[in-house]
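Input: a single structure, listed below in structure tokens.
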Amino acid sequence: MRKVYMDHSATTPVDPEVASLMMTYYTEKYGNPSSIHSFGQEAREALEKAREQVAGFIGAQPAEITFTSGGTEADNLAVLGAAEAYRKKGKHLITTAVEHHAVLETFEFLAKNGFELTILPVDEYGLLSVEEVRKAIRPDTILLSVMQANNEVGTIQPIAEIGKLAKERGVLFHVDAVQSLGKIPVNVDDLNVDMLTISSHKIYGPKGVGALYVRKGIRLIPLVHGGGQEKKRRSGTENTPGIIGFGKACELAQARMEEEAERLTELRDRLLDGILERIDYVKVNGPRGARRLPNNVNVSIQFVEGESLLLSLDMVGIAASSGSACTSGSLDPSHVLLAMGLPHEIAHGSLRFSLGRQNTEEDVDYVLEQLPKIVERLRQMSPLFDQMQREAGAK
Amino acid sequence: MYTEKVMDHFTNPRNVGEIPDADGVGEVGNPKCGDIMRIYLDIEGDIIKDVKFKTFGCGAAVATSSMVTEMVKGKTIPEALDISNAAVAEALGGLPPNKLHCSNLAADALHAAIKDYYDKQEKAKG
């Protein structure tokens, strides 16, 4: 059976070049970078090279990069660390309704512990307006966090403009760039950001590694205390092989990004247009065109439920994801789709395909061949489809 | 995540469809929570002669609907009323814990259909 992996926003395979480089640092050059001897020093050297590679990819100075265990920890370090460091200055925090849980839940935690939180709404495309941000900023606002691109619907936010505004008003600006890195340009100066979260396993690097960019001069209270690694921002022996893999993954992504983005955009539109052509009662979630990540397709297929779609797709070898409640482990469907104003029943039928390096035109065509059959089968089972047809018939 | 039996009933659901002029129709769930099950019964005397279902929902919702129709066909009404959601889940070799509540309503839909049958009988008697 053909296997088509279209869930790259969940995770990506490790690039073979990255994996083989990492292996050396597991089995041969395994020293602790804090050690004085040659074993330690060769690891230190490689670690600092990786820091340069990561910094270089986002236009930062190496000293501004703190390695973490992943995107979630980097988000936590930014939000908790900055709120704690600047709490004397104010207690008001701002974020958006469509952030990743790593950001939203961290802010909610602070809101329960003495801070005031404003959660900004988005429009039907998942887009935040700069005007909303302007209105929300108060004299005691200390931190604003907005993701660069949404993980579910691929909406790209006007980060540079928001960053300019935050700078003018003296508010710290954190950006979660986990989904945008490697797909669209991410430059900390162009975007006017103070802190930026990135993750390795979304760009063909290993899992368990991420980084937080922190602009020089910004204070953060660490989450993890101990031996004082990462300039005391993140104690614990560095995950050297992982970090080195992340560095290499950044170097490869940087070299390939422009060409790959163009290729993925074509595949994305082929898939999206193909679905709309072949299946009735489909709603595109998120914007079309340049405001959407090059690799994201998200549609709601009415009268069917997301998990059923995923199971059926999986049986023909296609891996995708859904914002249905059944796949989130909660009773509510995706908070992102609800924030965009989708009714629950439409959000339950959402389907995300996130494309990546291995995907080809043939893969897209295979999905376009299989998906309509699956939808037809599930709709024949669906009392909602019946009802709609009867109502349409009555008219 | 799902047992083989669940996947079998999801992939090849038994008794999908509807019964025109059914003796009893039961529906549970709502689109908001992501599961709707509708069960149609054809009853002769005390016996469930035929049963069909339509379901909008996840794999567990489809599989439990299919399973309950298989369990109930040819049974008497009292026997059908004895079938519980838990018994349906058990017949499928179990369901993941998070599915036991939200998507395991097939027996409720069956019972609703039997109630509808009784209500219609009452009405007919006038």
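The values are calculated or read from the model by the stated rules, or taken from the named source; none is laboratory data. Remember, predicted model here, so these are calculated numbers, not experimental data. So basically every Cβ, Gly included, is an ideal-geometry build from the backbone, and we count neighbours across all protein chains shown. When the accessible area is computed, the model is the full protein with side chains, heavy atoms only, and any ligands, DNA or RNA have been set aside. Shrake-Rupley method; radii C 1.70, N 1.55, O 1.52, S 1.80 Å.
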Point to revise | Residue that is most open to solvent (accessible area, probe 1.4 Å) [pool: residues in the stretch A:118-147 that are under 22 Å from the mean Cα position of the chain (by Cα) and without any contact (Cβ under 8 Å) to a residue 40 or more places away in the chain] | key: A:I119
Review point. What do you reckon, is B:A109 in contact (Cβ under 8 Å) with a residue 60 or more places away in the chain, within 11 Å of chain A (Cβ to nearest Cβ) and more than 24 Å from A:S350 (Cβ to Cβ)?
Key: yes
Check your understanding: What number goes with the only condition from (1) touching a Gly at 6+ places or on another chain (Cβ under 6 Å); (2) part of a helix (DSSP H, G or I) that A:R51 does not pass?
Key -> (1)
Exercise for review: Identify the residue in the stretch B:10-25 that is under 13 Å from the mean Cα position of the chain (by Cα) and within 14 Å of another protein chain (Cβ to nearest Cβ) and, among all such residues, is surrounded by the most Cβ atoms within 10 Å (Cβ to Cβ).
Suggested key: B:P13
Exercise for review: Among what's in the stretch B:47-100 and is hydroxyl-bearing (S, T, Y) and within 14 Å of chain A (Cβ to nearest Cβ), pick the residue that is nearest to A:S308 (Cα to Cα).
Suggested key: B:T55
Review point. What's the number of the condition A:S382 fails, among (1) within 29 Å of B:Y40 (Cα to Cα); (2) touching a Phe, Trp or Tyr at 6+ places or on another chain (Cβ under 6 Å); (3) surrounded by fewer than 23 Cβ atoms within 10 Å (Cβ to Cβ)?
Key: (3)
Review point. In the list B:A107, B:A86, which residue meets the criterion of being in a helix (DSSP H, G or I) and open to solvent by less than 60 Å² (accessible area, probe 1.4 Å)?
Key: B:A107
Check your understanding: Out of curiosity, is B:A91 more than 22 Å from A:E376 (Cβ to Cβ), modelled with pLDDT of 95 or more, open to solvent by less than 50 Å² (accessible area, probe 1.4 Å) and out of contact with any Cys (no Cβ under 7 Å at 6 or more places or on another chain)?
Key -> yes
Practice item. Could you list, in sequence order, all residues of the stretch A:173-185 that are among the aliphatic types (A, V, I, L, M) and surrounded by fewer than 24 Cβ atoms within 10 Å (Cβ to Cβ)? Key: A:I184
Revision key, fill the gap. The helices (runs of 4 or more DSSP H) lying entirely within the stretch A:258-370 that contain at least 1 residues which are open to solvent by 30 Å² or more (accessible area, probe 1.4 Å), within 14 Å of chain B (Cβ to nearest Cβ) and closer than 23 Å to B:D8 by Cα are A:306-315, A:325-328
Check your understanding: Restricted to the stretch B:26-46, and to residues that are within 15 Å of A:P383 (Cα to Cα) and open to solvent by 50 Å² or more (accessible area, probe 1.4 Å), which residue is nearest to the other protein chains (Cβ to nearest Cβ)?
Key -> B:K32
Practice item. Within the stretch A:229-251, work out how many residues are open to solvent by 30 Å² or more (accessible area, probe 1.4 Å) and within 13 Å of A:D15 (Cα to Cα). Key: 2
